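Peer 1: Dropping a structure here in structure tokens format, bear with me for questions.
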Amino acid sequence: MVRSRMINQRLEEQNYRLTTQRGAVLDVMQANPGKHFTAEEVLLEARKKVPNLGMATVYRTLERLAGMNILYKSMFDEGKYRYELADGNSHHHHHIICLSCGQIVEVDEDLLHPLEDYLEKKGYQIVDHELKLFAYCPDCLQR
């Protein structure tokens, strides 16, 4: 799979060699932009290309790629992280999680910008934020 310039640059900066197994993990993420995968889901997809891929390799690769800001790491389910491909900029996006079906929908507007501005005027230094809204999606409400 063709890697973006941002991904190649970050891999090179960290001297991170993409083995076949690591590449399969990254390929799954690149092939599914905007999707939020658990490590187990990545393993199932990546094993289609690399059948002998192990769970420990998937975990280590996901964590390392998140540490390089190639992936975003968020906790949606209790105790379970999900990973998604980073879009290459520092823009935060937010998530709506359906309490019925579990669907995760991204909200691209940075809804917290006015709050951050207000807090910075009060002397706080905001370094990051993450917003998760729990709701019932339109499909589940119609059922």
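The values are calculated or read from the model by the stated rules, or taken from the named source; none is laboratory data. Worth saying up front: this structure is predicted, and the values here are computed from it rather than measured. Because the Cβ atoms are built from the backbone with ideal geometry, glycine has one as well, and the counts that use them run over all protein chains shown. For the accessible areas, the whole protein counts, side chains as well, though only heavy atoms, and no ligand, DNA or RNA atoms are used. Shrake-Rupley method; radii C 1.70, N 1.55, O 1.52, S 1.80 Å.
Peer 1: Within region 80-108, how many residues turn out to be among the small types (Gly, Ala, Ser) and modelled with pLDDT under 80?
Peer 2: Of the residues in region 80-108, the ones among the small types (Gly, Ala, Ser) are 86, 88, 90, 100, 102.
Then drop every residue that is not modelled with pLDDT under 80, which leaves 88, 90.
So the answer is 2.
Peer 1: Mind listing just one residue for me: the one in region 3-20 that is closer than 24 Å to HIS93 by Cβ and among the aliphatic types (A, V, I, L, M) and, of those, surrounded by the most Cβ atoms within 10 Å (Cβ to Cβ)?
Peer 2: ILE7
Peer 1: More than 12 Å from the chain's Cα centre (by Cα), in a helix (DSSP H, G or I) and crowded, with 18+ Cβ neighbours inside 10 Å - does that describe any residue in region 61-71?
Peer 2: Yes, region 61-71 contains a residue that is more than 12 Å from the chain's Cα centre (by Cα), in a helix (DSSP H, G or I) and crowded, with 18+ Cβ neighbours inside 10 Å.
Peer 1: A further question on this structure: Please determine whether any residue of region 21-34 is at pLDDT 95 or above and open to solvent by 80 Å² or more (accessible area, probe 1.4 Å).
Peer 2: No, the conditions are met nowhere in region 21-34.
Peer 1: What number of residues within region 110-139 are open to solvent by 90 Å² or more (accessible area, probe 1.4 Å) and under 17 Å from the mean Cα position of the chain (by Cα)?
Peer 2: 2
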